[in-house]
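The values are calculated or read from the model by the stated rules, or taken from the named source; none is laboratory data. Please read all numbers here as calculations on a predicted model, not as lab measurements. Cβ atoms come from the backbone with ideal geometry, glycine included; neighbour counts cover every protein chain shown.
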Amino acid sequence: MKIELRNFTKRFDGQAVVDNVSLTIESGEMIALLGPSGCGKSTSLFSICGIHRMDEGQLLFGDKDVTNLPSQKRNVGVVFQNYALYPHMSIFENIAFPLVVQKADRATIRRKVADIAELVQISDLLERKPANISGGQQQRTALARALIRRPDVLLLDEPLANLDAKLRLEMRSEIRRIQSETGITAILVTHDQVEAMSICDRIALMQKGKVVQLDKPREMYANPANMFVAEFLGNPPIRFMPAELHENQMIAGGAALPRPQHLKQSNLPDKINLGIRPEHFGPQFGNEISGHILAIETQGRENLYDVALSDGGVLCSIQPANDHLNPGDTIQWGIASQHLLAFDGQGERI
Amino acid sequence: MKHISWLGVGFLTPALLIVGFLFFAPVVMTAVFSFTNMSTATGISGGDYLLSPNNLDEMQAHGVSQKTLDALADTTYQVDDHGLLLLAQEFGTEIANELKERHNNDIFKNRGELERALKDMKHRIRSPRDRKKAADLFGTSILNQRFTSKVDFITAVIQTGAVQADIPAVTSVAYTGWQWTTNNFKRLFSLPATWRYALNTLAYVTLTLVFNIGFGLFLAISTFYMPEGFANTFRTIWFLPRILPPVLYVLMWKWFTWDTGFLSTILAPLGIPAQNWMMQTSTHAWVTIILINGSVGASLGMILFSSAIRSIPASMLHASEVDGASRFQQIRHIILPQLRWPILFLTSYETLSLLASFEHILLTTDGGPGKSTEVWALAAFHTALRNYSGNLQYGYGAAFALILVAIGIAASLVYMRLFNFRDLVSKPRIER
Amino acid sequence: MPIQSRNFKAAPMIILLSLLSLPLLIMCFYLIVDTITNTQPGTLIPDEITFEHWRFLWQTTENSSANIWRVTLNTFVFSITTATTILAISLTAGYALSRLNIPFRRFFLSGLIMLHAFPTITLIIAIFLILQTLGLYDSLIGVIMVKSALELPFGIWIMKGFYDNVPWEIEMAGVQDGASRFTVWRKLVLPQVQPGMMALLVFSFLTAWSELVLPLVLAPGNKSQVLSVYLATMLADESSIDFNLMKSVGLFYVIPVIITYMIFQRKLMNIYGGGTKG
Ligand SMILES: Nc1ncnc2c1ncn2[C@@H]1O[C@H](COP(=O)(O)OP(=O)(O)OP(=O)(O)O)[C@@H](O)[C@H]1O
Ligand SMILES: [Mg+2]
């Protein structure tokens, strides 16, 4: 089901925590609400499921205006960060609870619980209590409980935050699998960009209560709207350095570089910020820039280099692992100028 | 609050009703009563109008004129049906009938006139003694006569010839029901006994509190350093004063201190004469009271402080040990600072409880010997509910109690500031 | 967690504390011994075993004309009814104050703390007169109502504390699962506060069981007497004081308390300790 948020504002004690946000999520799509802590992700999520009231704006499920409907009537499934399983009930009772509330008959309940338990692969745990199953299994239970009513929308609030690294990878693909198998419209709240990029169709990046960019993951990575977005996506993160634009060249990092193709227009400011991702800086791109290696971080397949430039700036480079270089060595590397991201003084993309 | 949960309103209603009727109403009534002279004598509903000879002196003190007093004291003689009936019974119907014919409803200023009238009749009464007796049958005095309505009473007073200006004063003295007055408070502030009670209360609260906190701290800290088994045993023992019903606890103390009890028996071989160690002198009484109440409070202190000490990170204590801190240094520099809030809390909580409590004193010394251990709350109780003279003075007792209410409200306002009430009330997170 | 090291010696403390505990232990010891023995004046060592001190169980004694079994039944009725009333009302009111959007919530919460500050004596005079007018004087119903009302602020405060500790997410999940707030409360929240319910029930039972002043003033008659009043009447009569008899009554009176204490010791320590916050 298509979900539409129009000019949504939420205030706590007069302070706008979410400020005039509009967002459309297509039917069957999985979208990520991504942003740093405290930017208003959970608040948005709670408003969509009806726990919070919206101070301004409208919420539409399909064509239906649900702005003033209470949670119980919205048919939204939610998975909470700590799963919020009912500790006194067995896994079966947990999953069945939404149906029990609807006063479904026993046979139906048993059938539906069995089906959904199979989907999330916890069929053999139904008799246990939440305290006696692992974090990943609790996660699956929470998903099953959220899905059993066949909700119009599935909301997930940082569903992977409490899992260890390996389980997180596993559940990430599980969530995606279950979402596409059921074809449900889903919103995933997270502050982990890898999570958002890897399983969502689109990402809504939030900052201080506003959506700053809404795009497909690749697109957002390649074409960030501003420095905040550029820095938020990508690990190791993008590095910035100031640059001066001249007639035909550009002074940056203590070196004179040719002015890149996409920065040839004449209406640009003289002083800009350049954003350079680690994969776009290295020996394979030339030798115009000199510096010395500050630190080397080995990641197995790749090495990360922190390089101090002659003007004091620091760039990061990622390269296939090798043993040639040591901290302190001086280098002469180049940058892939066609991938340079340029930002103006306010941090907006040029 | 934009949205009201009707479930919440429904859930709160029973509590509100009960608290309203049995908590709020009584407090308001206490305040009202404290401005009345209600007592067993006046009753709690309305009253009648009755003048007794004693009242006459009282009225003089209220500035009622002599003329009125004389008039009220006077007996008048009226020939009415009631008197005639009595006359008929004693001296025959003929006399009665004749008197009715001649003098029905006449009023005679004094007995002599009526006697003369009786003498002048056809069926006259011969003996002067009998005439006197017969005349007395018609005597009416406003004294000792009960009127249920105010109008009747005033009419009767006017008939006696009382001065008009004195009537309000007379009526007020004659009224036997309760009346509005501020005398309770005047009395409260002028009687030396009141100040005595206030001082007793002050001493009682301070000394008991010191014992509470001091001994509670001692129990908590000493058991903390003990092996688990000993610590639990001592904690269980010292939890007893709190858990035992006050009557039983006091009974145990009474036996312990009685002149045939434990202390006297065990001290006898040392040549100390048997005596009542609880009530012998007021010093004895005070020590007992403070020990009894203090140990109850110390139980609470022990529990509070123990859990506070247990929440001190063990690493902090271990570190200080490694630094070679002595036990006293550790207590002084690590444990006591951590107990600041629990101590402050217990002080506030116990101050209020002690101010109001009188159960243990009531059972132990009942305020004695003399009035030496009579505290404020106990005085209120004695005045209003347990009075040896038999006249329970509700109004005066309520005035005592009202002072406690005022102190209680003031103190709780202060405490709410102190303990940051704001932190205790977070807003509901489900907004509908 | 006790710290034990060479640095600190526990023995002197244990000895000191044992000495201080001695009077209390002696009182408890003789409370039991004296009920089944006779001791000659001037000594502490009993010389004969007897059950005559328990005669109050089958006959009325010179100190009291009330029937002990009637009185005991009254005490149970009084304590159990009071405890259940307090629990029932605190359960709903505590939830409303902790979790629901109600008007004047702050005001009610501060009122709760204030009520806590009202001593019995400030109410009892008026209540005495109210009950007399209502015709509930010297009846168990009257004392039950009054005792419940007096303990209610504390009960509500305690329950509110327990509700405050239930994770909000559980309620949010329940609401999302389509349950009404009432269903959420009954099926999801109540099971989480069960330890609190138990603690409050036991605590209220014990306070009611120990209560003296209210029944003494409001229900002193033989028909509605409770054990505390029964014993207090004996204790007050100093002309014919019989400690053996009174101790037997006292022991009889305290047995339910001791049993409850032994079963619920840990829980009680918690509510006595933590419960008084506020
Ligand atoms: N009930 C509330 N009352 C007042 N302020 C609140 C309330 N709930 C949240 N806030 C504030 O609103 C802002 C956004 O909170 P929100 O929980 O939506 O952040 P978030 O993006 O989910 O962060 P996180 O990643 O840490 O969960 C924060 O500054 C928070 O302090
Ligand atoms: Mg959040």
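Brief remarks follow.
- Criterion violated by A:Ile91 - all others in (1) within 22 Å of A:Ala204 (Cβ to Cβ); (2) away from every other protein chain (no Cβ under 13 Å); (3) modelled with pLDDT of 90 or more satisfied: (1)
A quick yes/no check of all residues on (1) of a type in the set (Asp, Glu); (2) in the same structural domain as A:Ile318 (by TED's automatic domain parsing); (3) within 16 Å of ligand 1 (Cβ to nearest atom); (4) in a strand (DSSP E or B):
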{"site": "A:Met197", "(1), (2), (3), (4)": "no, no, no, no"}
{"site": "A:Ile203", "(1), (2), (3), (4)": "no, no, yes, yes"}
{"site": "A:Pro224", "(1), (2), (3), (4)": "no, no, no, no"}
{"site": "A:Ala243", "(1), (2), (3), (4)": "no, yes, no, yes"}
{"site": "A:Glu247", "(1), (2), (3), (4)": "yes, yes, no, no"}
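- Within the stretch A:186-203, residues that are more than 14 Å from every other protein chain (Cβ to nearest Cβ) have Cβ atoms under 6 Å from residues that are among the basic types (Lys, Arg) and away from ligand 2 (no atom under 13 Å from the Cβ) in these pairs: A:Ile199/A:Arg172; A:Ile199/A:Arg176; A:Arg202/A:Lys216, counting only partners at least 6 apart in sequence or on another chain.
- Residue check: B:Tyr197 meets all listed conditions (1) over 27 Å from B:Val32 (Cβ atoms); (2) crowded, with 18+ Cβ neighbours inside 10 Å; (3) hydroxyl-bearing (Ser, Thr, Tyr) but one, namely (1).
- Qualifying residue in the stretch C:184-206 (condition: in contact with a His (Cβ under 8 Å, 6 or more places away or on another chain), within 30 Å of A:Gln102 (Cβ to Cβ) and assigned to a helix (DSSP H, G or I)): yes
- Qualifying positions in the stretch C:98-107 - more than 7 Å from every other protein chain (Cβ to nearest Cβ) and either touching a residue at least 40 places away in the same chain (Cβ under 8 Å) or not in a helix (DSSP H, G or I) (or both): C:Ser98, C:Phe104
- Screening the candidates B:Phe218, B:Phe262, B:Phe185 for the property of being modelled with pLDDT of 85 or more, at negative phi and surrounded by fewer than 21 Cβ atoms within 10 Å (Cβ to Cβ) yields one hit, B:Phe218.
- Among the conditions (1) aliphatic (A, V, I, L, M); (2) over 19 Å from B:Ser357 (Cα atoms); (3) buried (at least 19 other Cβ atoms within 10 Å of the Cβ), the only one that B:Val247 does not satisfy is (2).
- Flag if A:Gly77 is more than 16 Å from ligand 2 (Cβ to nearest atom) and buried (at least 21 other Cβ atoms within 10 Å of the Cβ): yes
- Comparison of C:Ile14, C:Ile86 shows that the only residue that is surrounded by 13 or more Cβ atoms within 10 Å (Cβ to Cβ), modelled with pLDDT of 80 or more and within 26 Å of B:Ile237 (Cα to Cα) is C:Ile14.
- Looking across the stretch A:1-18 at every residue that is part of a strand (DSSP E or B), out of contact with any helix residue (DSSP H, G or I) (no Cβ under 9 Å at 6 or more places or on another chain) and more than 11 Å from ligand 1 (Cβ to nearest atom), the one that is nearest to the other protein chains (Cβ to nearest Cβ) is identified as A:Thr9.
- Residue pairs meeting the criteria (Cβ under 6 Å; at least 6 apart or on separate chains; first within 12 Å of C:Gln192 (Cβ to Cβ), in the stretch C:145-167; second among the aromatic types (Phe, Trp, Tyr)): C:Tyr163/C:Tyr95
- Per this entry, A:Gly50 is counted among residues that are without any contact (Cβ under 8 Å) to a residue 40 or more places away in the chain, within 17 Å of A:Val78 (Cα to Cα) and more than 16 Å from ligand 2 (Cβ to nearest atom).
Yes/no matrix, rows are residues, columns are (1) among the charged types (D, E, K, R); (2) assigned by TED's automatic domain parsing to the domain that holds B:Ser353; (3) modelled with pLDDT under 75; (4) assigned to a helix (DSSP H, G or I):
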| site | (1), (2), (3), (4) |
| --- | --- |
| B:Tyr396 | no, yes, no, yes |
| B:Phe400 | no, yes, no, yes |
| B:Ala406 | no, yes, no, yes |
| B:Ser412 | no, yes, no, yes |
| B:Asp423 | yes, yes, yes, yes |
| B:Lys427 | yes, yes, no, no |
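- Criterion violated by B:Gly47 - all others in (1) more than 17 Å from B:Ile154 (Cα to Cα); (2) at pLDDT below 70 satisfied: (1)
- Hits in the stretch B:337-362 (condition: of a type in the set (Ser, Thr, Tyr) and within 11 Å of chain C (Cβ to nearest Cβ)): B:Ser348, B:Tyr349, B:Thr351, B:Ser353, B:Ser357
- Here A:Gly234 passes the criteria (1) assigned to a strand (DSSP E or B); (2) not assigned by TED's automatic domain parsing to the domain that holds A:Gly40 except the one numbered (1).
- Yes/no for A:Pro159 being under 22 Å from A:Arg74 (Cβ atoms) and assigned to a loop (DSSP other than H, G, I, E, B): yes
- On inspection, C:Thr60 passes the criterion of being part of a loop (DSSP other than H, G, I, E, B), more than 8 Å from every other protein chain (Cβ to nearest Cβ) and more than 24 Å from C:Leu206 (Cα to Cα).
- Total residues in the stretch B:297-335, condition more than 20 Å from B:Trp238 (Cβ to Cβ) and among the aliphatic types (A, V, I, L, M): 8
- Selection of the stretch A:114-133 for residues being among the polar types (S, T, N, Q) and at pLDDT 90 or above yields A:Ser123, A:Asn132.
- Within the stretch A:40-84, being of a type in the set (A, V, I, L, M), part of a loop (DSSP other than H, G, I, E, B) and more than 8 Å from every other protein chain (Cβ to nearest Cβ) holds for A:Met54, A:Val66, A:Leu69.
- Test for C:Ser110: is it more than 7 Å from every other protein chain (Cβ to nearest Cβ) and small (Gly, Ala, Ser): no
- Filtering B:Ser307, B:Ser311, B:Ser315, B:Ser282 for residues that are within 10 Å of chain C (Cβ to nearest Cβ) and among the hydroxyl-bearing types (Ser, Thr, Tyr) leaves a single hit, B:Ser307.
- Scanning the stretch A:323-341 for residues that are closer than 27 Å to A:Tyr221 by Cα and part of a loop (DSSP other than H, G, I, E, B) returns A:Ala336, A:Leu340.
- Here A:Leu119, A:Leu169 are screened, and the one residue that is out of contact with any Lys or Arg (no Cβ under 8 Å at 6 or more places or on another chain), away from ligand 2 (no atom under 16 Å from the Cβ) and in contact (Cβ under 8 Å) with a residue 40 or more places away in the chain is A:Leu119.
- Test result for A:Val21, within 16 Å of ligand 2 (Cβ to nearest atom), touching a residue at least 24 places away in the same chain (Cβ under 8 Å), farther than 25 Å from C:Pro167 by Cβ and in a strand (DSSP E or B): yes
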